[in-house]
Amino acid sequence: MANRGPSYGLSREVQEKIDQKYDPDLEQRLVDWIFAQCGGNLEKPQPGKQNFQKWLMDGTILCRLINSLYPRGKEPVKKIPETQMAFKQMEKISQFLQAAEAYGVTTTDIFQTVDLWEGKDMAAVTETGSTGKHRGIDESFLKSSYAKARV
């Protein structure tokens, strides 16, 4: 994460509005879905925005998730290296985002790498998995993923 001091004035107001959009219930549904989709060898994060961010931040889980939605041999992310290098982790997040767009997620529903990496807009991260905060997972790209998922 970037080392930034506290924000003041308009920057603080904007960040507070962004933070208000975050839905902990949607976070939990996404964690459950990712866990079910990727298999049982994942460790679930503790509830909370920062824990959710840390869980996804290296990009490995996101790459495994998008690969699980494709048939074997057609996975969009061919290599998912375990690395501590920041630029490689951000690259994996970008690969997920490109694959999610190819999968059918609308470009306007996709978060930016920095939203997850710096934790500035975790609401956008959760909304990538759902077309609307209040419409829920059933009306999102996740619904179609259940039908396409390999078992």
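The values are calculated or read from the model by the stated rules, or taken from the named source; none is laboratory data. Quick caveat, the model's predicted, so the values are computed rather than measured. No Cβ is skipped: glycine too gets one built from the backbone with ideal geometry, and neighbour counts run over all protein chains shown. Note: areas computed on protein heavy atoms with side chains; ligands, DNA, RNA excluded. Shrake-Rupley method; radii C 1.70, N 1.55, O 1.52, S 1.80 Å.
Quick notes
- All helices (runs of 4 or more DSSP H) inside the range 1-89 with 1 or more residues being closer than 25 Å to ALA102 by Cβ: 24-38, 49-56, 60-68
- Taken together, the residues in the range 20-35 that are open to solvent by 60 Å² or more (accessible area, probe 1.4 Å) and either in contact with a Pro (Cβ under 9 Å, 6 or more places away or on another chain) or modelled with pLDDT under 75 (or both) amount to 2.
- Unique residue being part of a helix (DSSP H, G or I), within 10 Å of the chain's Cα centre (by Cα) and surrounded by fewer than 21 Cβ atoms within 10 Å (Cβ to Cβ) when the list is ALA124, ALA102: ALA124
- Of all residue pairs spaced 6 or more apart or on separate chains, those with beta-carbon atoms under 7 Å, a first member in the range 53-82 that is at positive phi and a second member that is among the charged types (D, E, K, R) and modelled with pLDDT of 85 or more are GLY59/LYS92.
- When GLU16, GLU82, GLU75, GLU91 are screened for being exposed (fewer than 14 other Cβ atoms within 10 Å of the Cβ), of a type in the set (Asp, Glu) and more than 18 Å from ASP121 (Cα to Cα), only GLU82 passes.
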